[in-house]
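The values are calculated or read from the model by the stated rules, or taken from the named source; none is laboratory data. Note that the structure is predicted; figures quoted are calculated from it, not measured. Cβ placement follows ideal geometry from the backbone for every residue including glycine, while neighbour counts extend to all protein chains displayed.
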C-alpha cells in the first residue's frame, strides 16, 4: 500500500462514527499483517527461553553478577511429572517451590542446600504455632515427591516466616516468592559443588533434545565450575500452567570496574555467544535474549555502541523493536543511574564479543529513526502480535 492509499483510508476513516472507525482499522491491520506475513519469514515464539543477564553494580557493592536462565512453561521442556504439576497448581496456597545451593537460603541455614516450599498465610491461622503447623501440613504433602523428582533426600529444617522480600534478591528469582504473608517450609540437604549439582539437575530436568543443542546451556555448564557459582531452580505455579526456571549465576566481587567500556561476554567467559540449535526449525527471534543492567552512583549514558541499535517505537511507555529480523541492542533507559540494554539476535544465530561492547558517559550514541509510514505501522502490528506472549521476557527479571 502506498502513501496515497494510506491518505485515502485516513480521509475515509475521519468521516466514520467511532465504532466503524475501530472496525475498519482492525480490518486494515488484519489485511496488513496477513499480506506482510505472506512475504516474510514466519515469526514464531517457543515456550522455551534462554536468557543471559549481566548486572554491573557500580553504585554500592561494586560486584558483577552474570547468569544464564533456561525457562519454560512446558513440562516437556522442563521435565516435571504432569500429575505433580497439577497437584501443585490445584493447591492455591503454594506460591513457589525453590531448590538452591545459594548460601543461607533463609536465616539459620548454613552450608546446606535447600528445598523451600513457599505458601501464603491462611488468615484463619492465629499465632506462630498455628502458622507453622498449617505450613508444614501443606509442605509435607509434596516433599517426598519433590525428593523423588530431584533425586534428593531433604529433611525438614524449619518453617520461616518472611517479613520482607529479601529472598527474591538473594535467590535472584523472578516472580513473588517472598514478602509479608509468605511462609517457607525449609528442607535441607548436604551442600554439593555447583558444577556437579548443575549437571545432575539439568540432566534430570532438561531433555536431551535441548542439552545436545548447545547455546546458552553450554555456557551455563561451563560457568558452573567457576568460584562463587550457584544454582537455583524455581517453580512458580500459575492458573493453567507453571513457570519453571533453571538459573546458574556467578558473582564477581569488586569487578564492576570504573572503566567506561562494558564487555558483557567477559563475565560469561566466552568470545562468542551462540543461540541454541533447538530453535533451528524456524524463526524464533525473541527466545534468546541478552540483558545488561548497569547501576551507577551518578547519571551516565550509553555511548560508542560497537554493534547495532535496533529501531524502536514507544508503545505503552516501553521501547518495542519494530524490526525484529535485525540483530542489535535496545537500550531502555539509555541514560540515568540505571542503564538497561537488551540484545536480540534477529536472524543471526550468534554474536561475538566485540559486537556487544559499549561505553558509558560519551557522546557518540547511534540513534535509529524511521519515518512513521504505513510500512512501520504494519511492522509494529506484526511485532506486537509476535511478542504478545513474550512481553515478560523483554521486560527482564529485575526491572
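Within the stretch 218-245, the set of residues being surrounded by fewer than 21 Cβ atoms within 10 Å (Cβ to Cβ) and outside any strand (DSSP E or B) comprises 218, 221, 222, 225, 226, 227, 228, 238, 239, 240, 241. Just name the residue that is surrounded by the fewest Cβ atoms within 10 Å (Cβ to Cβ) out of those in the stretch 303-329 that are in a strand (DSSP E or B) and at pLDDT 90 or above. Per the stated criteria, the residue is 303.
Note on the stretch 110-142: residues that are in contact with a helix residue (DSSP H, G or I) (Cβ under 9 Å, 6 or more places away or on another chain), closer than 21 Å to residue 236 by Cβ and surrounded by fewer than 19 Cβ atoms within 10 Å (Cβ to Cβ) amount to 3. Residues considered: 249, 255, 242. Of these, the only one that is more than 14 Å from residue 64 (Cβ to Cβ) and touching a strand residue (DSSP E or B) at 6+ places or on another chain (Cβ under 7 Å) is 242. Could you grab me the full set of residues in the stretch 246-295 that are part of a helix (DSSP H, G or I) and farther than 22 Å from residue 226 by Cα? Within the stretch 246-295, 277, 278, 279 meet the criteria.
Is it true that residue 261 is at pLDDT 95 or above and either surrounded by 22 or more Cβ atoms within 10 Å (Cβ to Cβ) or not assigned by TED's automatic domain parsing to the domain that holds residue 139 (or both)? Considered against the rule, which asks whether it is at pLDDT 95 or above and either surrounded by 22 or more Cβ atoms within 10 Å (Cβ to Cβ) or not assigned by TED's automatic domain parsing to the domain that holds residue 139 (or both), residue 261 comes out as no.
Exactly one residue among 223, 205, 189 is assigned by TED's automatic domain parsing to the domain that holds residue 117, under 19 Å from the mean Cα position of the chain (by Cα) and farther than 30 Å from residue 306 by Cβ, and that residue is 205. Residue 28 fulfils the conditions (1) surrounded by 14 or more Cβ atoms within 10 Å (Cβ to Cβ); (2) at pLDDT 50 or above; (3) not assigned by TED's automatic domain parsing to the domain that holds residue 242 except for a single criterion, (2). Residues that are assigned to a strand (DSSP E or B) and under 19 Å from the mean Cα position of the chain (by Cα) were ranked within the stretch 72-96; the one that is nearest to residue 125 (Cα to Cα) is 95. Take the conditions modelled with pLDDT of 95 or more, closer than 21 Å to residue 213 by Cβ and surrounded by 15 or more Cβ atoms within 10 Å (Cβ to Cβ) and apply them to residue 76. Does it pass? Answer is no for this residue.
The residues on offer are 147, 153, and the sole one that is in the same structural domain as residue 233 (by TED's automatic domain parsing), in contact with a helix residue (DSSP H, G or I) (Cβ under 8 Å, 6 or more places away or on another chain), modelled with pLDDT of 95 or more and surrounded by fewer than 17 Cβ atoms within 10 Å (Cβ to Cβ) is 153.
Every residue, every condition in (1) modelled with pLDDT of 90 or more; (2) in a strand (DSSP E or B); (3) touching a strand residue (DSSP E or B) at 6+ places or on another chain (Cβ under 6 Å), yes or no:
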{"position": "98", "(1), (2), (3)": "yes, yes, yes"}
{"position": "103", "(1), (2), (3)": "no, no, no"}
{"position": "107", "(1), (2), (3)": "no, no, no"}
{"position": "118", "(1), (2), (3)": "yes, yes, yes"}
{"position": "122", "(1), (2), (3)": "no, no, no"}
{"position": "125", "(1), (2), (3)": "no, no, no"}
{"position": "133", "(1), (2), (3)": "yes, no, no"}
